[in-house]
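Report on the structure given below.
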Amino acid sequence: MRKEKDIVAIKKNPLSTAFNIAKLLLVVVLAYFLAVGLSIIFSKLLMFFGVSKVNATMSALLLSFFFYALIIILIFAQKQFRKSMDALHTWSGLIFGWFLFFIFLTGSVGYFNKELDSYMEPKLAFCTKGFSQQELINIALKELKKIAPNSKKWQIYLPDSREDRLKIRYQVPSRSNFTGMKFNHKVSYITRVIDPKTGAIFRPREDGGGEVLYKMHFLLHYIPKKVGVFIVGVFSMSMFITLLSGIIIHTNIFKDYFTFRKNKNLRSWMDAHVLTGVVALPFYLMITYSGLVFFAFIYMPLISFANYENGVKELRKEALPKESKIFFQNESAPLTSICAISQKAEIFFESPVQEIRIVHPYDTSCIVQVKREDTVAAHNNMLDKLYFNGVNAEMLPTPNLNRPIMSELRKTVMGLHRAHFADTLLRWIFFFSSLLGTIMIATGLILWSKKRELKSRGSFSFRLVNALNIGTLIGLPASFGIYFLTNRLTPDTLLVKANLEINALFLTWFLSILFAFVRDSKKSWFVLAYLNGFIYFSLAILGLLTYNQYSVHSAFNLFFFFIAVAFTLMGHRIQKRINR
Amino acid sequence: MILVVLLLLIIGLAFLSMTLKYPHKKLFCVKPHTQTLYIYRVTGWSLLAHSLALAIYIDGASFGMCIWFGLLSLVSVCYALLYSYLPKNIFIRSSM
C-alpha cells in the first residue's frame, strides 16, 4: 500500500520525483562501488591463502556480479522480505522489460545468424552438393592464388551443416575496420563467395543480414559500440537481479511446476509467467550471467587496479595469453598439398574439416591451421585445431597456451552463451529456451498492466506502459518481418540497402508504439497481430515465388508460415474476446 | 539414442507430474494415496536421473547436460499445456 501513497505524492510534486530518481540512481552507483570493494577484498583474501594473482583477480571479477546483485537485494530488502522483493521484481522488470524483450528476441534470432545471412542473400545460394571436400579446397586455393597472391593469411571456409557455401577470406593491410567484431584492427579481411560450378567469385554483403541482428543483441544500434555494450550491461544486470528476486518470491518451484490454468484472466497470465520462468530457469541464469561475463573487463575495470598497476590491460595480457606470433621469413618456399593435410586431419579428427587457415603462404614460415566441423568442448578449445607445417606437411604440436584456470572457466561460460559448438538439435533447444525467456518477459509485462487495468485505466502513465507493451511485444516481431521484407523488395544494387533495412526495422517498432498510444489499446492488440500475420504470410509467399533449391530458404519459408498462422490465430482470439 | 533420453524424460515427468496436486486433480479427480504418490515420486526421479546419465554417456558431461536441461524444459512446457487443455478426468470417464 505504500506504493500507492508514493504515487500520489509523486503526482503532487514533480520535484520529489526527480529527487527520488536521483536517490535511486545514487544507491545503485554506491552499490556498484561496494561490490567492487567486496570483490577486491575477496581477491586479496584468496591471494592470502596462496591463490595466484591472476586467478584471484579473475575469480573476483567473475564473482563481482553476484556481489552486486546481492548488495542490491539487501539494500531493497525491508521487514517483510518477500513483499519488498516483490516490489523490486515488479519495478525493475517493468523499467527494463521492453529492452530486455528486445535483447532476448535478437539473441534468440542470433542463434541462426549464419542461416539468416544466407537467407538474406539469395543470389549467393550456390549448391555445393556433388563436390568433394578436396575439389572444393582446390577451387578455393586456385581463386586465392589468383586474387590475393601477396596476402599474409588465407582462410578457406568449407560448407558445413549451417552454411552451404564455399567462402574464402584473405588478409589485407589497412588502418581501420568497422565490420570486425573487435574494436580495433590493424589489418582487415576481405571475404568472397565462390560458385563451385562456374568458379566465379561473388562479393557478399559486408554489413546487414543476420549478422547485424545478432550484433544488435550486444552492441545495440545507432550508438557507439562502447556505449551500447555499457547499456546492455546495465540491462543484463537488472535481468540478473530480477531473476534472483523472482526466485525469492516464488519459493514453491516444484509445487506448481506443471500448473497452467487457462481462461482465468489474471491467474492465467500469472501461471504463464511462472511456468515459463521456472521451466527454463537454469538457462536464464546461465545466459544472463554469461552475458555479463562476456564484457567483465569492461564492466568491472576497477577490480584489476587493486592487484595490477596498469589495470585491465595488464590483467588481460596475463589472463588471456595469445598464441605466439609467427614471424614472416621472406624466403619463398613451395606450398604443400593442402588436400593431403586436410585428409590427414580428417583421419585424426574422425570428423570433416570445416576451416583451413594458411598463415604466410609460400614462405618458409608457413603454417596451416585446420579446424574441425563439430567442436568437442563448450569453450573454444585447442582440441578442435590441428597445426601443420606448410612446407613439408608435418604435424606440429598444438601450442600450449597455459591459460589460468579462471580464464578457462570464463571461456567455458562464454562458449555456453554463444553456442558455437551446438549442432542442429542443441541449437534449436537453445533457440526455444530463449524464446521461452522472451515469453516470460512478455507475460510479466502484460501482468503489470493487467493488475492495474481497473484502477488506473485513464492515467497517462498507464496508457504509456500499455502502448509500449503492445508496440514492443507485437510490434517488434512485426518490425523483424519488415526487416526481412525490405531485404526481399529492395534491389541488391542499392548501396544503402543494409541501412535501409535497419531503419525500416526501427521505424516499424516506433510506429507501432505510436499507433498503440494513439489508438484504443484493446483494438491495437489485434490490429498489430493481424499485421504480423500479413507480413509473415507475404514473406512466405514471396519465398515460394522466388523458390530455389537451397534448403535453408524453404525452412525459413515454412517457419514464417507457422509464425503467420500463429499471429493470425492470436489476433482472431483477441478480437473475439473483445467483441464478446 | 537421444530419442531414448527424450522418452525417459517424457515418462519420468509424467510420473512426477502425477504427484503434484493440480495435474492429479485434472486426471483422476480422487485424492491420491500416499503410497502411490511415493511410488510415483521414486519412479519419476529415478527415470529422470537415468535419462541424465544416459545423456551424459552419449554426449559427454557438457553437451549432455545442455541437451538434458533443454529437453527437460521443453517437455515440461508441453505437459503444462497438455494438462491445461485436456478434458477433465479422462481416466475416470474412459474406465466407466
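The values are calculated or read from the model by the stated rules, or taken from the named source; none is laboratory data. Not measured: the values here are computed from a predicted model. All Cβ positions, glycine included, derive from the backbone under ideal geometry; neighbour counts span all protein chains shown. Quick note on the areas: whole protein, heavy atoms, side chains included, nothing else; ligands and nucleic acids left out. Shrake-Rupley method; radii C 1.70, N 1.55, O 1.52, S 1.80 Å.
Summary table below
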item: Contact surface A-B: accessible area buried, both sides summed, square angstrom, 1.4 angstrom probe; result: 2100
item: Surface accessible to a 1.4 Å probe, per residue, for the residues of chain B, Å²; result: 58
item: Whole-number percent relative contact order across chain A, with pairs defined as alpha carbons under 8 Å at least 6 apart; result: 15
item: Accessible area (Å², 1.4 Å probe, nearest 10) - A:M237; result: 20
item: Distance from segment A:217-290 to segment A:514-580 (C-alpha centre basis), Å; result: 25
item: For q = 0.11 Å⁻¹, Debye-computed log10 I/I(0) when each Cα of segment A:422-580 counts as one equal scatterer; result: -0.52
item: Prolate/oblate/rounded call for chain A, Cα gyration tensor, a/c under 1.5 rounded; result: oblate
item: For A:S188, residues with placed amide H under 5 Å, excluding near neighbours; result: A:V172, A:S174
item: Residue-level accessible surface for A:R192, protein heavy atoms, 1.4 Å, Å²; result: 50
item: Relative contact order (%) - criterion: Cα under 8 Å, at least six apart; region: segment A:264-412; result: 18
item: Proximal aspartates and glutamates relative to A:K264, as straight alpha-carbon distance under 19 Å, when same-chain residues fewer than 8 apart are discounted; result: A:D256, A:E453
item: Restraint check, A:K145/A:K344; A:K142/A:K411; A:K145/A:K385; A:K129/A:K385, Cα-Cα greater than 29 Å; result: A:K142/A:K411
item: Average other protein chain Cβ within 10 Å of Cβ, residues B:81-87; result: 3
item: Average other protein chain Cβ within 10 Å of Cβ, residues A:280-287; result: 3
item: Segment A:346-429, relative contact order in percent, only Cα pairs under 8 angstrom and at least six apart counted; result: 23
item: Shape call, segment A:1-153: gyration tensor on alpha carbons, a/c limit 1.5; result: oblate
item: Cα lying deepest toward the dipole's positive end in chain A, options A:F328, A:Y530, A:T490, charges on Cβ; result: A:Y530
item: With Cα atoms, 0 to 90° folded angle of helix A:81-110 axis to chain A main axis; result: 40
item: Tensor-based shape of segment A:276-351 (alpha-carbon gyration tensor, a/c under 1.5 rounded, otherwise prolate or oblate); result: oblate
item: Solvent exposure, largest accessible area first (probe 1.4 Å, DNA, RNA and ligands not counted), of A:R573, A:R165; result: A:R573, A:R165
item: Lys, Arg +1 and Asp, Glu -1 on Cβ, resulting dipole of the protein assembly as shown about Cα centre, debye, nearest 20; result: 2860
item: Segment A:297-438 - Rg and Dmax from Cα coordinates, angstrom; result: 19.0, 57
item: Trypsin sites (Lys or Arg not before Pro) lying in DSSP loop within segment A:6-105, provided at most 14 other Cβ fall within 10 Å; result: A:K79
item: Set A:K225/A:K451; A:K451/A:K523; A:K44/A:K226; A:K146/A:K167; A:K83/A:K215 screened for pairs whose C-alpha atoms are more than 26 Å apart; result: A:K225/A:K451; A:K44/A:K226; A:K83/A:K215
item: Helix-only CD estimate at 222 nm, as mean residue ellipticity for chain B, using -39500 (n - 2.57) per DSSP H run (n ≥ 4); result: -30000 deg cm²/dmol
item: Helical mean residue ellipticity (222 nm; -39500 (n - 2.57) per DSSP H run of 4+; nearest 500) of chain A; result: -21000 deg cm²/dmol
item: FRET E, pair A:L24, A:F328, Förster distance 51 Å, beta-carbon r, rounded to 0.05; result: 0.35
item: Which of B:H50, A:H417 is most accessible, then next, and so on - probe 1.4 Å; result: B:H50, A:H417
item: Number of partner chain Cβ atoms within 10 Å, mean per residue of A:270-276; result: 2
item: Dmax and Rg, reported as Rg then Dmax, of segment A:378-482 (C-alpha, Å); result: 24.1, 79
